[in-house]
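J.: Mind looking over this structure? Questions follow.
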């Protein structure tokens, strides 16, 4: 009888652990794999990161956050938030302009180059639409981002990626700029 009780207690504990892990992965945090070079030098192909899924439950994404968003049912992208709703976005002579004012991008490598554009030239919008973000990869010449797919709906954002956890030697926690 005692063995049966011990087995039942272990079963309840294991079931509780599985349920807690499922809730955490479904609603709070989940792993994501960096696939490609569009975020070099910040992220490398093969980096493994944690997505904070509840970060934007009560707050909005901020400029330069690194976010994961759905491009299709089967594909997610990792990019950096550049333009927020209601802002104009332009690049001239490799300089980012938000609402006509220059903005420094300290995270970009020296080899990165962004061709000249205005938001209107790319999308036909004067400003980033309401409830949308303009996102770009840090490796601008090799990134498929809002310049190609347009502004992304905020409700397609899965979450922020504040932590690289693998490879172990590259563990890094990103902080707000």
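J.: Return the label of the correct value of Kirkwood radius over Cα pairs in Å, as calculated from the structure shown, out of (i) 16.5; (ii) 17.8; (iii) 17.2.
T.: Recomputing Kirkwood radius over Cα pairs in Å here gives the entry labelled (ii).
J.: Please build a GNM for the chain, connecting alpha carbons under 10 Å apart, and tell me which residue among 114, 59, 123 fluctuates the most.
T.: 59
J.: Report, in deg cm²/dmol and to the nearest 500, the calculated mean residue ellipticity at 222 nm for the chain, where each DSSP H run with n ≥ 4 adds -39500 (n - 2.57) and the sum is divided by the residue count.
T.: -5000 deg cm²/dmol
J.: To continue, here is another question. Report, in degrees rounded to the nearest 10, the 0 to 90 angle that the Cα long axis of helix 2-23 makes with the longest principal axis of the chain.
T.: 10 degrees
J.: Which order do 163, 84, 119 fall in if you start with the one that has the fewest other Cβ atoms within 10 Å?
T.: So the residues, fewest neighbours to most, are 163, 84, 119.
J.: Can you sort 10, 166 from fewest to most other Cβ atoms within 10 Å of each residue's own Cβ?
T.: By the 10 Å Cβ count, ascending: 10, 166.
J.: Once you order the gyration tensor axes a ≥ b ≥ c over the Cα atoms, which shape class does the range 92-171 get: rounded for a/c under 1.5, otherwise prolate or oblate by comparing a/b with b/c?
T.: Oblate is the answer for the range 92-171, as a/c is 1.5 or above yet b/c matches or exceeds a/b.
J.: Oh, and also: To the nearest Å, what is the center-to-center distance of the range 37-74 and the range 103-177, using C-alpha atoms only?
T.: 9 Å
J.: How do the peptides 126-137, 39-50 rank, highest first, by the average count of neighbouring beta carbon atoms within 10 Å per residue?
T.: Top of the packing list down: 126-137, 39-50.
Rule-based calculations on the coordinates, nothing more; no lab input. All of these numbers come straight from a predicted model, not from anything done at the bench. Cβ: placed from backbone, ideal geometry, glycine included. Neighbour counts: every protein chain shown.
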